[in-house]
Amino acid sequence: MTRFQRYLLNKAFWFFLAFFIALIFNFLLPRLMPGNPVDAIVGQMATGGGLSGEAQQRIYAAYIAEFGLDQPITSQFVTYVSRLAQGDLGISFARSPARVQQLIGQALPWTIALQLPAIIIGWTLGNILGALAAYKKGWLDRGLFPTSMFISSMPYYCLSIILLYVLAVFWPIFPAGGGYSYALTPALNWTFFSSVMEHYWLPFLSLVVIFVGGQAIGMRAMSIYELDADYVRFSRSLGVDDNRIIAYIFRNAMLPQVTGLALAIGSLVSGALITEIVFGYPGIGSLLFSSIRQNDYPVIQGVTLLIMIAVLTANFLVDITYGFIDPRIRARASGD
Amino acid sequence: MTAIPQEQTGGQMFMAGLKRTRNTMSLLNPRFMFGLVLLGFLLFFGIFGPFIFNKTDPMKFVGMLYDPPSATAWLGTDNFGRDVFTQLMFGIRTSLMIGIIAGTVATLIGVLIGTVAGYTGGMVEEVLMALTNIVITIPSIVILILLSIAFKTRSLLVMGIIIGVTTWPWTARAVRAQTSSLRTREHVDVARLSGTPTLGLIFWEIIPYMLSYIVMAFVLQLNSGILQEAALSMLGLGIDKGISLGIMLQWALLWESVRTGAWWAFIPPTLLLTLIAFSLLLLQSSIDEIFNPRLRRS
């Protein structure tokens, strides 16, 4: 086995260990609640009214069977894992016949369509601005740095709230929330699509702005650091062309930024939960929010599992890519 | 002809040192001072505000749903007809308290694990760092959501601890790196040879040398603690009694204050959260510049 393979194996081991521990958390924590969660939920449904005694009985039986609450905790865990392996996340408490994976499957495309373009565009713009600020200094740096600092210290949901108020309520330029007009039902036609686009801009904008700020600060710091490095001074003293030096700097400064991009894509599901809530956007954030309000534990667990898988996988892929592109890591992994 | 400088007395050297320090401080002044004054002002508002303005009950009903600002309710009322201005003062209190508890818990765990791992090395280090890496890779929002659900009653203290126990690994990792390099210093060897026990050695010979670093980490943790609390509250997993800035926002969103144009219900808590975060970030980055001259630019 080569040293590089050992590095990969090592990373894979940590990936699965972290995943397993996270899975145990995900399984165990809702079960640690004082009292039987099923009692609590069915009781709550009953006080809410609208449920016949028979429906209650049926739901109760379904949940007990679902969780196997009469069995020892280890066999419950085995059941949980084997169902997961088949892609079954269980039945939603609040939207009873619907299965969790269906609900998530409906919400996830909205989240991805909102976040992925925002992350990529924000990342590109932010890096260009940050690098420019570091090289040009002067007014650009003086103006950009404090602004980015203020914007990126602003919690992302705060900016969402303010944008929603200013651009949808105070000046009604954009529609005030939702993923599409409430008068429409989702369909593959032009009216629906244009309504979706109309509702898209505001949440998109609020995510891009935050992302640009954060990336610009990071890229500026990295570029300043590289500008000061010995290899830059040495190249300058040799009279190497300025553009060439900038290319060197850019390559080195970009490495952590690329990691940042990969990790941002990994945390895409959890990255803007509250933005979705603010705009009433029909994605994972809104699903999580309503599930928390309704104590819909299977859905909450499904969402946390999804977030976990996305983040862990992105981390793992970044580690592997680093092993390929960064010779320092290969060297360290082989213990030189 | 220039005068040959006289040998300096201790006092003169001290004064010169002080002057130098003051010069450095004045270089950093604008950002550091601005952050400090801003934070001080917010703290003052949260701690003494209720007594100064004689508004000591944030849960008192003073009007109807979303009354606009008036002489009795300076910033209007919220969805239950409670005074927004009073709630803000108590909201700052809660948010800062939770932030401080979370920051303290995270810093304590992080420093303990980091120093012990970095100083002891070997198996202990391997195990502690493996633990740290696992907690880092599992996204904190997942642990936060699951832990918050597991606790039926969430007091201020519980909230702070929940946030603290999920955010310590960053501190642990950084502190371990610092400790590993400090471990080989001579004064540490001297202390070890004179028989100081390990924990005492870590406390007296290692921690003082990275105190500035620990302070910086604490400020960061405090900041993220406050924001995490707000985020959890907006997801509906905040403290179950009392008011915080995040809980104010949650109610404002649930009761459609944004779409009905009741700006007083959501703009003030939004602004305060941003200001708290901004002041802490200013402090943290200017502390960073004091100790890392490469970041300084004239």
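When region B:151-177 is limited to residues that are closer than 21 Å to A:Ile300 by Cα and assigned to a loop (DSSP other than H, G, I, E, B), the one that is modelled with the lowest pLDDT turns out to be B:Lys152.
Here is a yes/no grid of residues against (1) in contact with a Phe, Trp or Tyr (Cβ under 7 Å, 6 or more places away or on another chain); (2) at pLDDT below 85:
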site	(1), (2)
A:Leu273	no, no
A:Ser286	no, no
A:Asp296	yes, yes
A:Val303	no, no
A:Ile307	no, no
A:Phe324	no, yes
A:Arg332	no, yes
A:Asp336	no, yes
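Between B:Ser212, B:Ser180, B:Ser148, the distinction of being within 14 Å of chain A (Cβ to nearest Cβ), in a helix (DSSP H, G or I) and in contact (Cβ under 8 Å) with a residue 40 or more places away in the chain belongs to B:Ser148 only. Counting only residues that are under 26 Å from B:Ile136 (Cα atoms) and more than 9 Å from chain B (Cβ to nearest Cβ), region A:292-315 holds 7 of them.
Taken over region A:155-165, the criterion of being facing another protein chain (nearest Cβ under 8 Å) and under 18 Å from the mean Cα position of the chain (by Cα) is satisfied by A:Pro155, A:Tyr157, A:Cys158. Annotation: of all residues in region A:2-22 being more than 13 Å from A:Asp319 (Cβ to Cβ) and either in contact (Cβ under 8 Å) with a residue 24 or more places away in the chain or charged (D, E, K, R) (or both), the one that is surrounded by the most Cβ atoms within 10 Å (Cβ to Cβ) is A:Ala22.
Going residue by residue through region B:123-137, is there one that turns out to be part of a helix (DSSP H, G or I), without any contact (Cβ under 8 Å) to a residue 24 or more places away in the chain and surrounded by 19 or more Cβ atoms within 10 Å (Cβ to Cβ)?
Here is the first cut: in region B:123-137, the ones part of a helix (DSSP H, G or I) are B:123-137.
Filter again for without any contact (Cβ under 8 Å) to a residue 24 or more places away in the chain, leaving B:123-124, B:126-127, B:130-131, B:134, B:137.
So of that shortlist, the ones also surrounded by 19 or more Cβ atoms within 10 Å (Cβ to Cβ) come out as B:137.
The answer is yes; a qualifying residue exists.
Counting only residues that are within 9 Å of another protein chain (Cβ to nearest Cβ) and touching a Gly at 6+ places or on another chain (Cβ under 6 Å), which one in region B:227-254 is nearest to B:Met89 (Cα to Cα)? The residue in question is B:Ala230.
Which residue, of A:Ala216, A:Ala229, is surrounded by 17 or more Cβ atoms within 10 Å (Cβ to Cβ) and of a type in the set (Gly, Ala, Ser)? Break it down into steps so the answer makes sense when it comes.
On the way: A:Ala229 fails: surrounded by 17 or more Cβ atoms within 10 Å (Cβ to Cβ).
The conditions single out A:Ala216.
Being surrounded by fewer than 16 Cβ atoms within 10 Å (Cβ to Cβ), closer than 21 Å to A:Ile210 by Cβ and hydroxyl-bearing (Ser, Thr, Tyr) narrows it down to one residue among A:Thr111, A:Thr147; which is it? Write out each step before concluding.
Numbers: A:Thr111 fails: surrounded by fewer than 16 Cβ atoms within 10 Å (Cβ to Cβ).
On inspection, the qualifying residue turns out to be A:Thr147.
Residues being of a type in the set (Phe, Trp, Tyr) and in contact (Cβ under 8 Å) with a residue 60 or more places away in the chain are entirely absent from region B:187-206. When you look at A:Gly122, is it crowded, with 19+ Cβ neighbours inside 10 Å and either within 14 Å of chain B (Cβ to nearest Cβ) or under 25 Å from the mean Cα position of the chain (by Cα) (or both), yes or no? Considered against the rule, which asks whether it is crowded, with 19+ Cβ neighbours inside 10 Å and either within 14 Å of chain B (Cβ to nearest Cβ) or under 25 Å from the mean Cα position of the chain (by Cα) (or both), A:Gly122 comes out as yes.
In region B:275-297, the qualifying residues are those that are outside any helix (DSSP H, G or I) and more than 8 Å from every other protein chain (Cβ to nearest Cβ), and the one that is modelled with the lowest pLDDT is B:Arg296. Of the candidates A:Leu140, A:Leu108, the single residue that is in contact (Cβ under 8 Å) with a residue 24 or more places away in the chain and either assigned to a helix (DSSP H, G or I) or more than 22 Å from the chain's Cα centre (by Cα) (or both) is A:Leu108. Within region A:48-61, being modelled with pLDDT of 70 or more and surrounded by 13 or more Cβ atoms within 10 Å (Cβ to Cβ) holds for A:Ala55, A:Gln56, A:Arg58, A:Ile59, A:Tyr60.
Can you name the residue in region B:237-279 that is of a type in the set (Val, Ile, Thr) and more than 22 Å from the chain's Cα centre (by Cα) and is also nearest to B:Gly46 (Cα to Cα) among such residues? Show your work before the answer.
Of all residues in region B:237-279, those of a type in the set (Val, Ile, Thr) come to B:239, B:243, B:247, B:258, B:260, B:267, B:270, B:274, B:276.
Filter once more, keeping what is more than 22 Å from the chain's Cα centre (by Cα): B:258, B:260, B:267.
Values: B:Val258: 25, B:Thr260: 28, B:Ile267: 17 Å.
Once the filter is applied, the top-ranked residue is B:Ile267.
For region A:227-245, does any single residue satisfy the condition of being within 14 Å of chain B (Cβ to nearest Cβ) and closer than 29 Å to B:Leu275 by Cβ?
no
Of all the criteria given as (1) more than 21 Å from the chain's Cα centre (by Cα); (2) surrounded by fewer than 20 Cβ atoms within 10 Å (Cβ to Cβ), the one not satisfied by B:Pro208 is (1). Candidates in region A:33-47 are the residues that are within 11 Å of chain B (Cβ to nearest Cβ) and surrounded by 13 or more Cβ atoms within 10 Å (Cβ to Cβ); of these, the one that is modelled with the highest pLDDT is A:Met33.
So for region B:125-141 (the condition being within 14 Å of chain A (Cβ to nearest Cβ) and more than 27 Å from A:Phe316 (Cβ to Cβ)), does at least one residue qualify? Checked against the condition, which is being within 14 Å of chain A (Cβ to nearest Cβ) and more than 27 Å from A:Phe316 (Cβ to Cβ), region B:125-141 yields no hits at all. For region B:176-189, the count of residues that are in contact with a strand residue (DSSP E or B) (Cβ under 9 Å, 6 or more places away or on another chain) and at negative phi is zero. In this structure, is A:Ala168 closer than 30 Å to B:Gly261 by Cβ and either touching a Leu at 6+ places or on another chain (Cβ under 6 Å) or assigned to a helix (DSSP H, G or I) (or both)? Considered against the rule, which asks whether it is closer than 30 Å to B:Gly261 by Cβ and either touching a Leu at 6+ places or on another chain (Cβ under 6 Å) or assigned to a helix (DSSP H, G or I) (or both), A:Ala168 comes out as yes. Out of B:Gly160, B:Gly164, one residue alone is of a type in the set (Gly, Ala, Ser), in contact with a Ser or Thr (Cβ under 9 Å, 6 or more places away or on another chain), buried (at least 19 other Cβ atoms within 10 Å of the Cβ) and within 18 Å of B:Ile247 (Cα to Cα). It is B:Gly160. Being on the phi < 0 side of the Ramachandran plot, surrounded by fewer than 24 Cβ atoms within 10 Å (Cβ to Cβ) and within 19 Å of the chain's Cα centre (by Cα) is not true of B:Ile92.
If you filter region B:255-274 down to residues that are facing chain A (nearest Cβ under 9 Å) and in a helix (DSSP H, G or I), you find that the one that is surrounded by the fewest Cβ atoms within 10 Å (Cβ to Cβ) is B:Leu271.
When the test is whether a residue is closer than 28 Å to B:Leu282 by Cα and without any contact (Cβ under 8 Å) to a residue 40 or more places away in the chain, A:Pro256 passes it. Where helices (runs of 4 or more DSSP H) fall entirely within region A:239-301, those with at least 1 residues that are under 20 Å from the mean Cα position of the chain (by Cα), buried (at least 17 other Cβ atoms within 10 Å of the Cβ) and among the charged types (D, E, K, R) are at A:273-279.
The values are calculated or read from the model by the stated rules, or taken from the named source; none is laboratory data. Keep in mind that this is a model prediction, so the values were computed, not measured. Here Cβ is always computed from backbone atoms with ideal geometry, including for glycine, and neighbour counts include all displayed protein chains.
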